[in-house]
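Remarks on the structure that follows.
The values are calculated or read from the model by the stated rules, or taken from the named source; none is laboratory data. Just so it is clear, the model here is predicted, and its values are computed rather than measured. All Cβ positions, glycine included, derive from the backbone under ideal geometry; neighbour counts span all protein chains shown. Protein only, heavy atoms only, side chains kept; ligands, DNA and RNA dropped before computing areas. Shrake-Rupley method; radii C 1.70, N 1.55, O 1.52, S 1.80 Å.
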Amino acid sequence: MPLVSMNEFLPKAKANKFAVGQFNMNNLEFAQAITEAAMELNSPFIFGVSEGALKYMGIEYTVAIAEAAAKQSGLPIALHLDHGSSFEVAMKCIRAGFSSVMFDGSHYSYEENVRLTKEVVKAAHAMGVSVEGELGTIGGVEDDISVDEADANLAKPEEAIRYYEETGVDCVAIAVGTAHGMYAGEPNIHFDIIEKVSQAIPIPVVLHGGSGVPDEMIKKAIAAGAGKVNVNTENQVAATAAIREVLGADAKVYDPRKYLTPARKAMVEVVKSKIQLFGSANQA
């Protein structure tokens, strides 16, 4: 089937209290692993692609890989721009074939964030493309963007509700204490913020920084109203560990297939565990 917008499955996720995973696509092996895991468990999913990954893979290759995955799997798959920095980048992705985009205006003032998000929503919705917005500042490191934990600002529930009402986004990422990358300690997630926002609006809340969060916390966040959970770092760590193991065991290995195959297998297991945790198995 063709790529779909997140509206094909996020309303169902919110209604039935499960979450759909966004798994970032960094190369072909990531795409293959994510798709294989989802096919095995009959789950919808979202390919997240950051601007850094777009520069690395090229937009044409990115769209072609995602379209091939959708065609081969028959699953509802959204190809989603992750943390889009501008209207222009979002439009470039939509024109290239992305079915969903995120506009991250969290570093602007509230008023400017709303104004810019509304522009993206108007253009994207006219093309049948879903939009994710962001409120508050999520800490950690993603690509070349680094936000110190001390500078991460929690979202205010009233502001998040107003943000949805003023922008018309299809899901909203709110800063609730998670961070991009792996955690040094246990994250302090404010489930009350998720719950207050989720109960007041008809769209799901997005949990960024899902890698390394204890399973029970993820379940609690989903029960509170998180309908989309983002995972990237855990796949990167698993793939890299598998590659190190192969190369460490035999210095004569030079064929990339010899170390990328174990890396891919390691990521399949990560994605399967997340799909089961999120409750999206057999929801395709």
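Scanning segment 93-138 for residues that are touching a Lys or Arg at 6+ places or on another chain (Cβ under 9 Å) and in a strand (DSSP E or B) yields a total of 2.
If the condition is being closer than 18 Å to residue 12 by Cβ and open to solvent by less than 10 Å² (accessible area, probe 1.4 Å), then segment 40-55 contributes 43, 44, 45, 46. Note on segment 4-39: residues that are farther than 24 Å from residue 269 by Cα and either open to solvent by 30 Å² or more (accessible area, probe 1.4 Å) or free of Cβ contacts under 8 Å to residues at least 60 places away in the same chain (or both) amount to 7. Every condition in (1) on the phi > 0 side of the Ramachandran plot; (2) crowded, with 24+ Cβ neighbours inside 10 Å holds for residue 117 except the one numbered (1).
Return the total of residues in segment 99-114 being hydrophobic (A, V, I, L, M, F, W, C), free of Cβ contacts under 8 Å to residues at least 60 places away in the same chain and either closer than 19 Å to residue 76 by Cα or open to solvent by 60 Å² or more (accessible area, probe 1.4 Å) (or both).
Going through segment 99-114 one residue at a time, the tally reaches 1.
With respect to (1) on the phi < 0 side of the Ramachandran plot; (2) under 17 Å from the mean Cα position of the chain (by Cα); (3) modelled with pLDDT under 80, the lone exception for residue 143 is condition (1).
Restricting 61, 56 to those that are closer than 19 Å to residue 232 by Cα and more than 16 Å from the chain's Cα centre (by Cα) reduces the list to 56. Looking only at residues that are open to solvent by 100 Å² or more (accessible area, probe 1.4 Å) and in a loop (DSSP other than H, G, I, E, B) in segment 252-269, which one is nearest to residue 40 (Cα to Cα)? Here the answer is 254. Looking at 74, 58, just one residue is open to solvent by 40 Å² or more (accessible area, probe 1.4 Å) and either of a type in the set (Val, Ile, Thr) or at positive phi (or both), and that residue is 74.
Yes/no matrix, rows are residues, columns are (1) within 14 Å of residue 23 (Cα to Cα); (2) of a type in the set (S, T, N, Q):
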position: 198; (1), (2): no, yes
position: 210; (1), (2): yes, no
position: 223; (1), (2): no, no
position: 226; (1), (2): no, no
position: 271; (1), (2): yes, no
position: 275; (1), (2): yes, no
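Among the residues examined, residue 69 does not qualify as assigned to a helix (DSSP H, G or I), open to solvent by less than 40 Å² (accessible area, probe 1.4 Å), hydrophobic (A, V, I, L, M, F, W, C) and out of contact with any strand residue (DSSP E or B) (no Cβ under 7 Å at 6 or more places or on another chain).
Within segment 72-82, not a single residue is within 22 Å of residue 207 (Cβ to Cβ), touching a His at 6+ places or on another chain (Cβ under 6 Å) and assigned to a strand (DSSP E or B).
May I ask you to verify whether residue 272 is open to solvent by 20 Å² or more (accessible area, probe 1.4 Å) and within 16 Å of the chain's Cα centre (by Cα)? Yes: the conditions hold for residue 272. For residue 38, the conditions (1) under 26 Å from residue 134 (Cα atoms); (2) touching a strand residue (DSSP E or B) at 6+ places or on another chain (Cβ under 8 Å) are fulfilled apart from (1). Considering every residue within segment 202-214, establish whether at least one is open to solvent by 60 Å² or more (accessible area, probe 1.4 Å), over 16 Å from residue 38 (Cβ atoms) and without any contact (Cβ under 8 Å) to a residue 24 or more places away in the chain. No, segment 202-214 has no match at all. I'd like the residue in segment 1-25 that is assigned to a strand (DSSP E or B) and of a type in the set (S, T, N, Q) and, out of all such residues, is farthest from residue 63 (Cα to Cα). The extreme case among them is 22. Residues that are open to solvent by 20 Å² or more (accessible area, probe 1.4 Å) and within 17 Å of residue 179 (Cβ to Cβ) were ranked within segment 221-247; the one that is nearest to the chain's Cα centre (by Cα) is 232.
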